1. Counting only residues that are at pLDDT 90 or above and in contact with a His (Cβ under 7 Å, 6 or more places away or on another chain), how many does segment 1-56 have?
2. Do the conditions hold for Ala126, that is, is it modelled with pLDDT of 95 or more, of a type in the set (A, V, I, L, M) and either surrounded by 13 or more Cβ atoms within 10 Å (Cβ to Cβ) or farther than 20 Å from Gln159 by Cα (or both)?
3. Among the residues of segment 136-145, what is the count of those that are crowded, with 16+ Cβ neighbours inside 10 Å and either among the β-branched types (Val, Ile, Thr) or at pLDDT below 95 (or both)?
4. Select from segment 57-111 the residues that are among the hydroxyl-bearing types (Ser, Thr, Tyr) and assigned to a loop (DSSP other than H, G, I, E, B) and write down the one among them that is nearest to Met30 (Cα to Cα).
Amino acid sequence: MSPRIGLDRNRLLDVAIEIANQDGIHAVTMATLAKRLNIRPPSLYNHIDGLPALRNELALYGLEQLHSVMVEATTEKEGDDVISAISFAYLKFTRTHPGLYEATLYAPDNRDPKVEQAGNKIVELALNSLNHFQLDKDDAIHTVRGLRSILHGFSSLEQSGGFGIPINSDKSLDFIIKSYLKGIKNSTD
């Protein structure tokens with residue numbers, strides 16, 4: 001069977017991202033994708049090797065996009081401002097691409113070299129943003145894990161409606177990041 005005219009891998013991924021952002025990553029199935037594209041599910045296999053491959057593609061694309069917005073946010077920033085910029089870029093990404101972000105967490109095969117490399121680029125960016133603290137290697141990893149936990153936890157709570165008190169959540173994140181940075185400084189004194 002030949003590929004449908006007007007349908008290519010990029011269009012397929014764009015529609016999968018739309019579904020994920022609207023309804024969550026678990027709503028992205030071959031059946032829902034085919035229905036949205038107005039084709040029969042078997043036709044999708046001309047472009048993708050099944051749902052695990054599709055989710056892997058979404059994870060890879062999501063990680064690349066997240067890295068890109070984080071790098072862009074750090075332009076002309078130094079010291080603590082880099083970490084703050086990375087944090088707000090991360091949060092903005094999760095707000096504007098909730099399903100794509102979710103895809104980055106549920107890659108079917110985290111051992112895929114491309115997915116692993118894309119994830120490692122984000123870790124390296126975070127590690128480099130901490131250079132001014134002069135942490136040893138293990139402490140730097142602990143610090144990045146802590147930052148990721150803050151950002152993922154904050155994003156997840158926000159998306160699930162967990163912040164019901166009417167106080168600006170950006171101000172909350174700013175307060176949390178500043179407190180976290182103070183804690184890092186105190187631990188290195």
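1. So the count comes out to 2.
2. yes
3. Count: 2.
4. Tyr106
Let's see how each residue does on (1) aromatic (Phe, Trp, Tyr); (2) farther than 22 Å from Ala16 by Cα; (3) under 13 Å from the mean Cα position of the chain (by Cα):
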residue	(1), (2), (3)
Ala89	no, yes, yes
Gly99	no, no, yes
Tyr106	yes, no, yes
Lys121	no, yes, yes
Asn131	no, yes, no
Asp138	no, yes, no
His152	no, yes, yes
Leu173	no, yes, no
Tyr180	yes, yes, no
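Rundown of residues vs (1) in the same structural domain as Leu33 (by TED's automatic domain parsing); (2) over 18 Å from Ile177 (Cβ atoms); (3) without any contact (Cβ under 8 Å) to a residue 24 or more places away in the chain, yes/no style:
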site: Ala59; (1), (2), (3): no, yes, no
site: His97; (1), (2), (3): no, yes, no
site: Ala118; (1), (2), (3): no, yes, no
site: Leu127; (1), (2), (3): no, no, yes
site: Leu151; (1), (2), (3): no, no, no
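The values are calculated or read from the model by the stated rules, or taken from the named source; none is laboratory data. Small disclaimer: the values here were computed from a predicted structure and weren't measured. Reconstructed Cβ throughout: ideal geometry from the backbone, glycine too, with neighbour counts over all protein chains shown.
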